[in-house]
Amino acid sequence: MRLLIQRVTTAHCHIGGEEYSAIGRGMLILVGVGMDDTAEDIEWLVRKAVSMRIFDDEEGVMNLSVQDIGGEVMVVSQFTLHASTKKGNRPSWFRAAPEAVSKPLYEAFVERIGEALGRSVATGSFGADMQLELTNDGPVTIWIDSKNRE
């Protein structure tokens, strides 16, 4: 499972020209589910995401988590995080899990993030054509892959 976490001051998800969800200061988390991902990947990633110290403390040092600041979180599914660009110029998504596998894992990730934070989480709509509008704060963007636990 792969996450692309962006520290944001605002994020909005639009579907069909209408605002579907929005958050203020916090994290936009894009989630890509791979063929061999499991509930174990979710647990590891949830712990990492809610504890990631990417927000400034009073001295301007990135020392606070989204939990610490009471920040908001938006989670959006994005199978293209599993793009393979090894051959040619057209990405392949053969490593991305099909909907029957990825949708339940994505939904479980959203549920676990909400439980870990103790509050609701904004989302996109799985499989929908979405437009995301965000203000990346910093910019701060973090890539995490549960299969490469560095």
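The values are calculated or read from the model by the stated rules, or taken from the named source; none is laboratory data. As the structure is a computational prediction, the values presented were derived from the model and not from experiment. Glycine gets a Cβ as well: all are built from the backbone with ideal geometry, and neighbour counts include every protein chain shown. These accessible areas exclude ligands, DNA and RNA; they are computed on the full protein's heavy atoms, side chains included. Shrake-Rupley method; radii C 1.70, N 1.55, O 1.52, S 1.80 Å.
Here are some notes:
- Taking 23 Å as the straight-line reach from the Cα of LYS103, the lysines in range (excluding those fewer than 8 positions away in the same chain) are LYS48, LYS147.
- LYS147 paired with THR9, simple spin-label distance in nm, labels 7 Å along Cα-to-beta-carbon: 3.8 nm
- Counting only alpha carbon atoms, the long axis of helix 99-117 and the longest principal axis of the chain meet at about 10°.
- Scalar couplings 3J(HN,Hα) for the stretch 42-54, obtained by applying the Karplus form with A = 6.51, B = -1.76, C = 1.60 to θ = phi - 60°, are 4, 4, 5, 5, 4, 4, 5, 5, 6, 9, 4, 8, 10 Hz; x denotes Gly and Pro.
- Accessible surface for the stretch 92-147, divided over its residues, is 57 Å² per residue with a 1.4 Å probe.
- Just so you know, the Rg over Rh for the chain is 0.96, from Cα atoms, with Rh as the Kirkwood radius.
- Compactness index (Cα Rg / 2.2 N^0.38 Å), the stretch 57-96: 1.98
- Across the stretch 101-150, Cα-Cα pairs more than 14 Å apart make up 70 percent of the total.
- Between the amide H of VAL140 and those of ARG7, distances stay under 5 Å, these residues lying 5 or more places away or on another chain, with hydrogens modeled in the peptide plane.
- Amide H partners (placed H, <5 Å) of THR10, local residues excluded: THR135
- Percent accessible area from carbon and sulfur atoms, the chain, protein chains only, probe 1.4 Å: 48 percent
- Under the simplified labelling scheme, the ASP36-ASP68 pair shows an inter-label distance of 3.5 nm, with each label point 7 Å from Cα along Cα→Cβ.
- Modelled this way, with points 7 Å down the Cα-to-C-beta line, the labels at LEU134 and GLU99 are 2.4 nm from one another.
- The Cα-based radius of gyration of the stretch 7-49, divided by its Kirkwood radius, gives an Rg/Rh of 1.09.
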